[in-house]
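The values are calculated or read from the model by the stated rules, or taken from the named source; none is laboratory data. Computed from a prediction, not measured in an experiment: that's the story for all the values here. Backbone-built Cβ (ideal geometry, glycine too); neighbour counts: all protein chains shown.
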Amino acid sequence: MILWIASYPKSGNTWLRALLSTYYYTKDGIFSDDKILGNIGQFPEKKYFTNFKYDPTLPGDTSKLWIEAQNKINSDKKIKFYQASSSEMYGGSSQKSLNEESVFDPKSPYAASKVFAHNVTKLYRDSYDIFGVNGILFNHESPLRGETFVTRKITRSVARISLGIQSQLTLGNLEASRDWGFAGDYVEGMWLMMQHNQADDWVLATGKTYTVQEFVDSTFKLANLEPSNYVKTSEKYFRPNEVDYLLGDYSKAKKILNWEPKTTFEELVKMMFESDLELAKREQVLMKNNLLVPTWESPVLNN
C-alpha cells in the first residue's frame, strides 16, 4: 500500500491538517502503508515572500514528523519514505549541469525548506537505516499543472487567445531557463527509486534547458500566432531573488535505475496546449450562452 501526502493549501490551517494527518496514521502505533510519498508543496515561489499564510516550513517539518514517526512506531515493518526534494534547492546561479553532488544555494523560503527536508531525510537514513529516498525532480509539467504556474499559464492563455476569448498574456522574467519534463515520466522514475534495493538521492531531469521565452514561442507556434502581438511583461511577476538557470544531470538514474525521459520538450508543449485548447473551446461555448463570466486575464467579452 502507498500513502500519498500532498498539500497545496489555500489557507493558514496547513500545519493543523499536517499534524492531524500524522496523528491519525500513527496514533495506534501502526502504519497501514508500507510506502509514504511526501509530496509537500504550496504555490508559486513569490507567494512565500509576499503572503505569510503560505507556510515555508511545511515541507521540512512535515517530512521530519513522518520520518520520526516511522522511526519510533512499528519498527518491525520496513516502511519506505519518499521525500520530494526540488531543483529549486540549487538556486540556479551558474549555468552548470546539476547532479546529486551539486551544492545547494536556495533563493526562496520554499527552496530553503526543501533543503531542510532533503537533509533531514539523509540524516535519519544514515542514523537509523530508514529507507528514505530524496527525489530531486526538475520541473515536471503536464496538462494537470496548476494554472498559476508559468507553463500552464502560457498554454491556457494561448489557447484562449487563439479562440478570441483573451487578448493578452502577462508574464515575468522571459529569460529564466528551466529543465522542463513530463510529469508522467517522472512518476515512473519515482516508482523505480522506491523499488531499488537501497535508499538514495536521485536527480530526474531531461538534460535540456529552455527559457520561458522559448516555451512561449513554441506554444504560440502551435496556434499559428505571433507572440510579440500578445505577450507583455510586468515586474509584478518577477521574483525578488531570481533563479536564472536550471539544468539537470540524470546520469545516475539512467545508469542504476535504467530511467530516462521519454517525452520531448516539443511533445510536452503540444500535449499541454491541445488539452487547454479543448478546455478553452468549452469556455467559449459557455460564454456565448451567458453561462460563464470569465475571471482570467484580459478576457474578450463580446466574442
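Annotation: D179 fulfils all but one of (1) more than 18 Å from the chain's Cα centre (by Cα); (2) acidic (D, E); (3) crowded, with 21+ Cβ neighbours inside 10 Å; the unmet one is (1). Taking the conditions (1) within 27 Å of V133 (Cβ to Cβ); (2) at pLDDT below 95; (3) assigned to a loop (DSSP other than H, G, I, E, B); (4) not basic (K, R) in turn, M194 satisfies each one other than (3).
Checked against the criterion of being hydrophobic (A, V, I, L, M, F, W, C), buried (at least 20 other Cβ atoms within 10 Å of the Cβ) and farther than 17 Å from S97 by Cβ, the candidates V231, V243 yield just one match: V231.
Looking across the stretch 220-263, the residues that are modelled with pLDDT of 95 or more, of a type in the set (K, R) and out of contact with any helix residue (DSSP H, G or I) (no Cβ under 8 Å at 6 or more places or on another chain) come down to K221, K232, K252, K254, K255. Pairing each residue of the stretch 164-190 that is part of a loop (DSSP other than H, G, I, E, B) with any residue that is of a type in the set (K, R), provided the two are 6+ apart or on different chains, yields C-beta distances under 7 Å for Q168/K232; D179/K208. Confirm whether R156 is touching a residue at least 24 places away in the same chain (Cβ under 8 Å), among the basic types (K, R) and within 30 Å of E274 (Cβ to Cβ). Yes.
Taking the stated definitions as given, is K236 touching a residue at least 40 places away in the same chain (Cβ under 8 Å), within 30 Å of P109 (Cβ to Cβ) and assigned to a strand (DSSP E or B)? No; evaluated as a whole, the condition is false for this residue.
I'd like to check something: does the stretch 276-295 contain any residue that is out of contact with any strand residue (DSSP E or B) (no Cβ under 6 Å at 6 or more places or on another chain), surrounded by 15 or more Cβ atoms within 10 Å (Cβ to Cβ) and β-branched (V, I, T)? No, the conditions are met nowhere in the stretch 276-295.
The set of residues in the stretch 83-108 being under 15 Å from N241 (Cα atoms) and buried (at least 19 other Cβ atoms within 10 Å of the Cβ) consists of E88, M89, Y90, G91, G92, P106, K107, S108.
Taking the stretch 277-300 as the range and being touching a helix residue (DSSP H, G or I) at 6+ places or on another chain (Cβ under 9 Å) and among the hydroxyl-bearing types (S, T, Y) as the test, only S298 passes. Being in a loop (DSSP other than H, G, I, E, B) and of a type outside the set (A, V, I, L, M, F, W, C) is a property that does not hold for G132. Name the residues in the stretch 135-160 that are in a helix (DSSP H, G or I) and of a type outside the set (D, E, K, R), would you? Across the stretch 135-160, the qualifying residues are V150, T151, I154, T155, S157, V158, A159. Considering the conditions (1) assigned to a loop (DSSP other than H, G, I, E, B); (2) free of Cβ contacts under 8 Å to residues at least 40 places away in the same chain; (3) among the hydroxyl-bearing types (S, T, Y); (4) more than 20 Å from T148 (Cβ to Cβ), S228 is excluded by exactly one of them, (1).
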